[in-house]
Amino acid sequence: MSTILFTNVHVFDGSGTARFAGEVRVQDNRIAEVARDGRTLARDGGPLRVIDGRGGTLMPGLIDGHAHLALGSTVEMINKPGDRSDAELALLVAHCARVTLDYGFTSVYSGGSASMHAEVVARKAFDAGWLPGPRMRTSSFERVPGGSMGLQVRFPGRAARTPDPAAAAAFVHEAADAGVDAVKFLLNGVSAFDAGSNRGEQFHADEIRAAGEAARSRGVWLTAHCYTAEAIRLALECGFRVLYHCTYADEAALDALEAAKDRVFVGPAPGIVEADLLRGPRFGIMAGDADRSEQADAAERLRHVGRELHRRGVRCLPGGDYGFPWNPVGSNARDIELFVEWFGYTPAEALHAATALGGQQMDMPDLGRVEAGCLADLLLVDGDPTADVSVLRDKARLKAIMKDGRLHKDDA
Ligand SMILES: [Zn+2]
């Protein structure tokens, strides 16, 4: 039994309400007690470690709702995308996972892998505690029609081929057999690799319906890479749980997302849009004039969509495709800033999205909150992120990082 007591802290509990002065006691891997309004907690009972927070903020560990650990690039190392074996991908996942944790993210929801197995085996090691990494919801590799493993760079669109619902269902079964939590479909293309393809549907409706049926029968979640109103409509109809991007949602699509807000999560992923614009061309991504104007237009539309979803109370999660060389893992907290700058969230609302809402997306309601009985994933920050979320990007100001009751970082 281990007991750790955080004293002299301002607690942001994840709910979105103001910080309060208090103390928090952690027993093993759970938050045992929270004292508010300057009260103190008993110091007796079992071995006790006291961490003086020096007036900083104690908050839930951050949760990234759209992570790609297998992409492999971090603030410490660039990994040029390309074909990799499952073994190498598992090592890249382990590297990205450790960096993710170093920057205060104690949980990630995978937005897709390059392998069916790498995330599943890496998670086993993180959960067992012999490799450092966040809690994970794992994903299949990212399916395009007829696509094999590896990074897809061409997206000819669904009109170019005949529907194959059996193949879509078989993919879901294969992913479920591999033990993933979520199965990912690229309902639209990827303009960063194939200009204009964000607006092109890649799957026929019958294929996605077959995937939906298979997912329900196997108890796995479905995740959509979707930009267009048609792709959003199809994902909602077929029971997808997490929808990424949604950049070209029209009024009807926004209404449909709002109507489904109790069962879906949206990851608008502003980080990758900004990165494509600012740093993509240096890496040969979206460097042409047409690409540039497509992306500038997409940024404008996403700002509108993000504001609308916020206004309508749709659960949106920070997480912006970190892992590409021009958008490396370790800068994940930039998405929280962009929720404030682009979508009009208050800092506390953006932090609520990155903590308590993330716990809902992870389907772990006792995650992402600082309350008695909740899981002990905590971040001690030198500063007040509810006044300025950008302090979270400064690694030196993350004084303690705790996952599952264990201190990954202990600089307090
Ligand atoms: Zn993604």
*Anything over 28 Å Cα to Cα? Flag those among Lys80/Lys184; Lys80/Lys124; Lys184/Lys395; Lys124/Lys261, in the order listed.*
Lys184/Lys395; Lys124/Lys261
*Go ahead and set up a Gaussian network model of the chain, Cα springs under 10 Å, then flag whichever of Leu278, Leu351, Leu69 fluctuates most.*
Leu278
*Helix 205-218 versus the longest principal axis of the chain: what angle, 0 to 90°, nearest 10, using Cα atoms?*
40 degrees
*Heavy-atom accessible area per residue, the chain, 1.4 Å probe: how many Å²?*
37 Å²
*Roughly how big is the chain's charge dipole about its Cα centre, with Cβ charges of +1 (Lys, Arg) and -1 (Asp, Glu), in debye to the nearest 20?*
540 debye
*asked:* Using a 1.4 Å probe on the protein heavy atoms, what percent of the accessible area of the chain belongs to carbon and sulfur?
replied: 50 percent
_For peptides 403-411, 123-131, 379-387, sequence by mean Cβ density within 10 Å, most packed first_ = 379-387, 403-411, 123-131
_Extension gain from Asp394 to Glu88, taking 0.36 nm per residue of separation minus the Cα-Cα distance_ = 107.2 nm
*Report the extension gain between Ile78 and Ala372 in nm, rounded to one decimal, defined as 0.36 nm multiplied by the number of residues separating them, less their alpha carbon distance.*
101.8 nm
*asked:* How large is the accessible surface of Ile401 in square angstrom, using a 1.4 angstrom probe and rounding to the nearest 10?
replied: 0 Å²
*For Thr17, Thr247, give the ranking by accessible area with the largest first, probe 1.4 Å.*
Thr17, Thr247
*Which of Thr162, Thr346, Thr40 moves the most in a Gaussian network model of the chain with Cα springs under 10 Å?*
Thr162
*Separation of region 292-331 and region 38-62 by C-alpha centroid, Å?*
36 Å
*List the trypsin sites (Lys or Arg not before Pro) within region 1-38 that fall in a DSSP loop (any state other than H, G, I, E or B) and whose Cβ has at most 16 other Cβ atoms within 10 Å.*
Arg36
*In what sequence, largest accessible area first, do Phe203, Phe193 appear using a 1.4 Å probe?*
Phe193, Phe203
*How fast does the chain diffuse by Stokes-Einstein, in µm²/s, taking the Kirkwood radius from C-alpha pairs at 25 °C and 0.890 mPa s?*
115 µm²/s
*Evaluated at q = 0.12 Å⁻¹: base-10 log I(q)/I(0), Debye formula over Cα of region 1-120*: -0.61
*Taking a label point 7 Å from the Cα of Asp52 along the Cα→Cβ vector, which residues of region 1-31 have an amide N closer than 17 Å to it?*
5-10, 22-24
_With Cα atoms, 0 to 90° folded angle of helix 118-128 axis to the chain main axis_ = 10 degrees
*Would you please give the FRET efficiency between Ala18 and Leu41, computed as 1/(1 + (r/R0)^6) with r the Cβ-Cβ distance and R0 = 30 Å, to the nearest 0.05?*
0.90
*Determine the calculated [θ] at 222 nm for the chain from helices alone, applying -39500 (n - 2.57) to every DSSP H run no shorter than 4 residues and normalising by the residue count; nearest 500 deg cm²/dmol.*
-9500 deg cm²/dmol
*Any chance you could look up the accessible area of Ser331 with a 1.4 Å probe, heavy atoms only, rounded to 10 Å²?*
20 Å²
*With springs only between Cα atoms under 10 Å, which of Gly65, Gly320, Gly359 fluctuates most in a Gaussian network model of the chain?*
Gly359
*Mind pulling the angle between the C-alpha long axis of helix 86-102 and the longest principal axis of the chain? Nearest 10 degrees, somewhere in 0 to 90.*
40 degrees
*For region 85-218, would you read off the P(r) tail past 22 Å as a percentage of all alpha carbon pairs?*
42 percent
*Between Ala170 and Ala412, what is the FRET efficiency for a Förster distance of 35 Å, r being their Cβ-Cβ separation, to the nearest 0.05?*
0.10
*From a point 7 Å beyond the Cα of Glu237 in the direction of its Cβ, which residues of region 208-227 have a backbone N at a distance under 12 Å?*
208-210
*Computed FRET value (nearest 0.05) for Asn8 with Arg30, which takes r as the C-beta separation and R₀ as 22 Å*: 0.55
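The values are calculated or read from the model by the stated rules, or taken from the named source; none is laboratory data. Please read all numbers here as calculations on a predicted model, not as lab measurements. Neighbour counts are summed over all protein chains in view; Cβ atoms, including those assigned to glycine, are modelled from backbone coordinates with ideal geometry. Accessible surface areas use protein heavy atoms only, side chains included; no ligands, DNA or RNA. Shrake-Rupley method; radii C 1.70, N 1.55, O 1.52, S 1.80 Å.
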